[in-house]
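Bear in mind these aren't lab numbers, they're just calculated from the coordinates by the rules spelled out. In this text, all values refer to a predicted model and were calculated from it rather than measured experimentally. In this analysis, Cβ positions are derived from the backbone assuming ideal geometry, glycine residues included, and neighbour counts consider all displayed protein chains.
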Amino acid sequence: KVERAIGVSSRYVNKLFEAEDTSLMRYVWRMRLERCAEELATPQFSFLRVSDVALRWGFNDMSHFSRAFKERFNTSPREWRNRALQKSNP
């Protein structure tokens, strides 16, 4: 558990996140989605399949990952990658 690793109670951590209207787990989940988006948009990672990127960041269910990604970024992971790579390679 994250709380144990940093030496605080889960109640205290969640209290800190209340001000952000989120929880520790939602924050971690959002950061994992952000990292996936970054890797999908980075030419150096273009050799990886979308599912490889998702798995690297702990998403084991590709349907769930795709839905969550689309909800967060308003586009599919594949479309996100294609647009980003087109911008970096005119």
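Applied to region 33-41, the Karplus parametrisation 6.51 cos²θ - 1.76 cosθ + 1.60 on θ = phi - 60° returns per-residue 3J(HN,Hα) values of 5, 4, 5, 4, 4, 4, 5, 5, 8 Hz, with x for Gly and Pro. Mean sequence separation of contacting Cα pairs (under 8 Å, at least six apart), scaled by the length of the chain, corresponds to a relative contact order of 24 percent.
Reducing region 27-59 and region 60-86 to their Cα centroids gives an inter-centroid distance of 9 Å. Along region 48-53 the Karplus relation, 6.51 cos²θ - 1.76 cosθ + 1.60 evaluated at θ = phi - 60°, assigns HN-Hα couplings of 7, 6, 4, 5, 4, 5 Hz to successive residues, with x for each Gly and Pro. Once the C-beta distance of S63 and L24 is scaled by a Förster radius of 22 Å, the resulting FRET efficiency is 0.30 to the nearest 0.05. A Förster distance of 30 Å, applied to the separation of the beta-carbon atoms of F17 and L85, puts the FRET efficiency at 0.30. Restricting region 36-70 to trypsin sites (Lys or Arg not before Pro) that sit in a DSSP loop and have at most 13 other Cβ atoms within 10 Å of their own Cβ leaves R49.
Subtracting the Cα-Cα distance of A5 and T42 from 0.36 nm times their residue separation leaves 10.2 nm of extension gain.
In order along region 55-62, phi translates into HN-Hα couplings of 5, 4, 9, x, 8, 9, 10, 5 Hz, rounded to whole numbers, per the Karplus curve 6.51 cos²θ - 1.76 cosθ + 1.60 with θ = phi - 60° and x for Gly and Pro.
The share of alpha-carbon pairs in the chain lying farther apart than 20 Å comes to 44%. Applying both filters, DSSP loop and at most 14 other Cβ atoms within 10 Å, to the GluC sites (Glu not before Pro) of region 1-80 gives E20.
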